[in-house]
Amino acid sequence: MIRVTALLTIASLAAYGVYAFAQERAQIVRPAVTSAVPIFSSSTNDTSFAWFYDAANRTVYVCRAQGNLAAVDCKGKAELP
């Protein structure tokens, strides 16, 4: 009886694990920054970087674009004291 209960528990946990990992992950998207002022940009080896300062939040953002792609990655962020 204990062996059957243990096997059912393990099977239930395995099924839940497959279900949990199959869920679509929500993409966390930060809101658009409209008051950001460009302060610096640079490029090297087909990768471009641009720095922006948002005075309202006292935050500096760094954005990166690579190659001829239209996608821009703005994940870098630092809050100033």
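Observations on the structure shown:
- Cα-projected label distance for VAL62 with ARG3, points at 7 Å along beta-carbon direction, nm: 6.0
- Inter-label distance for ASP46 and ASP73, nm, one decimal - labels placed 7 Å from Cα along Cα-to-Cβ: 1.5
- Heavy-atom accessible area order for TYR61, TYR16, largest first, 1.4 Å probe: TYR16, TYR61
- Against the rule of thumb 2.2 N^0.38 Å, how large the Cα Rg of the stretch 38-81 comes out: 1.22
- Taking 0.36 nm per residue of separation and subtracting the current Cα-Cα distance, fully stretching the chain between LEU80 and GLN23 would add 16.9 nm.
- For ILE39, the accessible surface of its heavy atoms amounts to roughly 100 Å² (probe 1.4 Å, protein chains only, rounded to the nearest 10).
The values are calculated or read from the model by the stated rules, or taken from the named source; none is laboratory data. These figures come from a predicted structure and were not determined experimentally. All Cβ positions, even for glycine, are placed from backbone atoms using ideal geometry, and neighbour counts span all protein chains on display. For the accessible areas, the whole protein counts, side chains as well, though only heavy atoms, and no ligand, DNA or RNA atoms are used. Shrake-Rupley method; radii C 1.70, N 1.55, O 1.52, S 1.80 Å.
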